Amino acid sequence: MDRCIVLVDAGYLLGAAASLLAGEPSRSRIHVDHTALIQGLRERAESETERQLLRIYWFDGAPDRVPQPEHRRLRVMPRVTVRLGALTRSDGRWAQKGVDAAMHAELTELARNRACSDVVLVTGDGDLLPGMMAAKEHGVAVHLWAVQAADGDYNQSEDLVAEADERRVLDRTWITKAVRAKELGGICAPPPAPRPEIAAILSAPLPESAPAAAGRLADRDADAPLVQHAPAERAERAESDPEDRSGAVKGVPTPKDLAALRAPGTQPAQHPANATLRWSSDKGWVERPGGGGEPPDSASLPTLAQLTTAEQRWADREEDITTVGGDPYEVGQVFARRWMGRLGDQTQLQKLSTMYPRVPHRIDGELLRYAARFGLLAHKDDQIDEHDRYAIRAGFWREVDVRTGAEHAAAGD
């Protein structure tokens, strides 16, 4: 069969790209445009082999083999098949299990069934040597592609290199068409539009009774996605004045932290000694001491489940599988878009907008449970990562801002 097939070891491809561009093999140090990467692989494979592409197989590891957001984006692309092995943590390091075996099985099966005349392997693991030899015995030409090594040396098995029929190198120029190094301290989601309410919260000092919260927020300042809400002049002042950083709340506070804050020029809210703050999480209700709470009106806001019919639920699930990539920011936007689109009483949308930046606990819990479907749970404790929670809520509020802003503009006309 005069067609070519590409088998990609994602751990090797992206790890080597991270080493080349960011100086270390951690994939968290790079941003990948998967659409551009897949298109680049397809075009180069067809050019090198002079055969039409049949399919690209993407082999990667995932905790409990649950597809992560990038896998969800890849598996709905044309001519792409995703195969997942396990991702386990040992001695503080993540390791793939079963990926090499899956690549070996796929390679030998494709060759045995004469599904292609040429196969491109993007890998460096010598464990694939028996599979490569078996494919050659079935008359398949094997092309081995390497990622340019950061130190100029081989980053592939020498036996694998020696056995390949053709060998090519994906150099820095090719790699940077789809992969770039992240800037230190960068955010993982597009910054929402600035709002004066969050600026006031971020600039408000903590009461003396809450130093622990200040320390916790300062520690996560560098990575908190919603730090973009702070005014530019405050960010510049924080860089030039270290004491200013330690005396102000940074990042987006939790509901418990918000209960301890007061806006500039106002008196701290008075709460009874036994007051508690009810926080909803992906694991249900959590009673947090320390006073505060949400406006009574929040209880009247309907959840998305209450607004959704059986037919809509089916359509939502189909959309989640086929078009929603699973990026935390995107997940928040999709949830908010559905909630607002099915809301009959638009005065409730204005009521929600006044509660910013806290998502009412009933809706917040539902939002986080929805996000958990997309593999956004941290493997270590089945909780959604703290930074992902910020990005999820940022996407939710950004979509609310878009809708309320459009309505205000229409009313002005």
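Answer yes if at least one residue in region 346-356 is assigned to a helix (DSSP H, G or I), within 24 Å of the chain's Cα centre (by Cα) and of a type outside the set (D, E, K, R), and no otherwise. No, region 346-356 contains no residue that is assigned to a helix (DSSP H, G or I), within 24 Å of the chain's Cα centre (by Cα) and of a type outside the set (D, E, K, R).
At least 2 residues being in the same structural domain as residue 43 (by TED's automatic domain parsing), at pLDDT 90 or above and over 28 Å from residue 23 (Cβ atoms) is the threshold, and among the helices (runs of 4 or more DSSP H) wholly inside region 61-156 those reaching it are 99-112, 129-137. Scanning region 301-347 for residues that are closer than 17 Å to residue 371 by Cβ and among the acidic types (Asp, Glu) yields 316, 319, 320, 327, 330. Picking from residues in region 3-42 that are at pLDDT below 90 and part of a loop (DSSP other than H, G, I, E, B), the one that is surrounded by the fewest Cβ atoms within 10 Å (Cβ to Cβ) is 23.
The values are calculated or read from the model by the stated rules, or taken from the named source; none is laboratory data. The shown structure was predicted, so the numbers you read here are calculated from the model rather than taken from an experiment. Cβ atoms come from the backbone with ideal geometry, glycine included; neighbour counts cover every protein chain shown.
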